[in-house]
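Some notes on the structure that comes next.
Throughout, read-outs are computed from the coordinates displayed, never taken from laboratory work. All values reported here derive from a predicted model rather than from experimental measurement. Note that we place each Cβ from the backbone using ideal geometry, even for glycine, and neighbour counts take in every protein chain shown.
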Amino acid sequence: MWRNSFRSVGAIIAGIAVLTAISFAIEAVADPLMMHLFPGALPNADALKRSLPAHLVMFAYTFLSVMAGGYVTAWISRLAPVRDAAIMGAIEVLLTAWAMHAFPHQAPLYSWIAGMVFCIPAAWLGGALRVRTAKSKAIPQPA
């Protein structure tokens, strides 16, 4: 029993690590690229922070990053992969709430709230996708 509990905790930590790595990697490329492609509308980082289209792009890649984290969590988890993915999403909501209070000027309030509202559904969706894919294609579980 304890082994599966430790595995679930490890799966959740791995999911958070994956979503964080993917999100930061995309942001490191997307932000300069958007400023390069749209220099009139996005001349600097401050303009990027105030741009609704830029926030929609950020929301899209964040949603996909959380889905990927949920997928990885479910892939590693054994007993309840979708539950563990949803827990990973709930923990990400708490981390996002902390970030919102620690760095309030990094994004408008609506952006923080939208991100938190969709964390659990995105993680759940990633977990459900893994379970469905594993059932249909018999993808092996890690040992």
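General observations
- Taking the chain and dividing mean pair separation by its residue count, relative contact order in percent (alpha carbons under 8 Å, at least six apart): 30 percent
- Lys, Arg +1 and Asp, Glu -1 on Cβ, resulting dipole of the range 58-143 about Cα centre, debye, nearest 20: 420 debye
- Ranked packing of 80-88, 103-111, most packed first, by mean Cβ within 10 Å: 80-88, 103-111
- Extreme residue, positive dipole direction of the chain, given options Thr73, Pro53, Met34 (C-beta unit charges): Thr73
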